[in-house]
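Read the figures in this text as sums done on the coordinates, not as results from a lab. None of the values given here were measured: they were computed from a predicted structure. Ideal geometry is used to build each Cβ from the backbone, glycine not excepted, and the neighbour counts take in all protein chains shown.
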Amino acid sequence: MALLRVNPTRMALMDLKRRQKSAERGHKLLKDKQDGLMQQFLSIVREAKELRIKVEERLGKAFRMFLHASVWLTEAKMDNALSSPQAKVVLTAETKSVMSVKIPFFTVQKEGEIRTYGYADTNALLDEAVAELDDVFVTLIRLAQIEKQAENLAIELETTRRRVNALEHKMIPDLLETVKYIKMKLDETERAGILATMIVKRRLAQQEA
């Protein structure tokens with residue numbers, strides 16, 4: 001705690017009390033925001049963790065399918081089958097504000113056929129691998145969206161935590177200490193004034209006697 005540099009006057013005391021009340025209201029609002037952000041963050045982190053596990057499992061499955069398919073296909077046939085994709089993906093990104101945090105949302109639109117190769121020179125394993133990758137792509141975009149949301153929330157949560165700590169451990173204690181100091185100085189001044197008045201009255205009384 002540290003005393004603020006102000007003159008110990010009643011005007012300064014009133015101003016400090018106003019600042020103290022404002023700081024306490026701000027602290028409560030930020031604390032509530034911090035709690036809300038933490039709940040939102042933990043919920044998103046749990047969802048991201050579960051989704052990442054699913055994505056990794058499905059990607060692993062698709063890669064194993066490709067590996068098995070490549071055993072039965074030459075490199076030239078594999079390259080030829082996958083060299084002319086006709087499918088198109090349109091990714092739209094927008095942001096929404098959640099508790100003053102900009103949260104990204106992605107929308108995926110797919111057009112065209114992902115499998116454009118002939119079936120005579122390929123096999124069912126390749127079909128399954130391509131279909132699995134096409135299907136998991138949307139989930140992968142969803143994972144990217146959630147992890148970006150978690151990152152933005154984490155940044156805002158840390159900023160809010162620092163503000164809460166600054167108010168709780170620095171600004172409010174300093175204001176309280178300064179208010180206490182000014183009250184003490186004003187009381188001392190008031191007592192000194194009363195004492196001086198009493199001395200003057202006594203001397204006047206002695207002179208009149």
Given labels modelled 7 Å from the Cα in the Cβ direction, how far is it in nm from residue 142 to residue 128?
2.3
Return the calculated 222 nm mean residue ellipticity for the chain, to the nearest 500 deg cm²/dmol, obtained by summing -39500 (n - 2.57) across DSSP H runs with n ≥ 4 and dividing by the residue count.
-26500 deg cm²/dmol
Project the alpha carbons of region 10-203 onto their principal axes and report the range along each, largest first, in whole Å.
123, 26, 22
Whichever aspartates and glutamates have a C-alpha closer than 16 Å to that of residue 77, once near sequence neighbours (fewer than 8 apart) are set aside
121, 127
Give, as a single signed number, the net charge of other residues whose beta carbon lies under 12 Å from the beta carbon of residue 93, with Lys and Arg counted +1 and Asp and Glu -1.
+2
Subtract the Cα-Cα distance of residue 76 and residue 24 from 0.36 nm times their separation in residues, and report this length gain in nm to one decimal.
11.6 nm
I'd like the distance separating the alpha-carbon centroids of region 65-118 and region 138-181, in whole Å.
37
Taking the Cβ-Cβ separation of residue 168 and residue 45 as r and a Förster radius of 41 Å, what is the calculated FRET efficiency to the nearest 0.05?
0.95
What do you get for the angle between helix 10-72 and the principal long axis of the chain? Use alpha-carbon atoms, 0 to 90 degrees, nearest ten.
10
Mind giving me the nanometre distance, one decimal, between the label points for residue 159 and residue 102, set 7 Å out from Cα along Cα→Cβ?
1.0
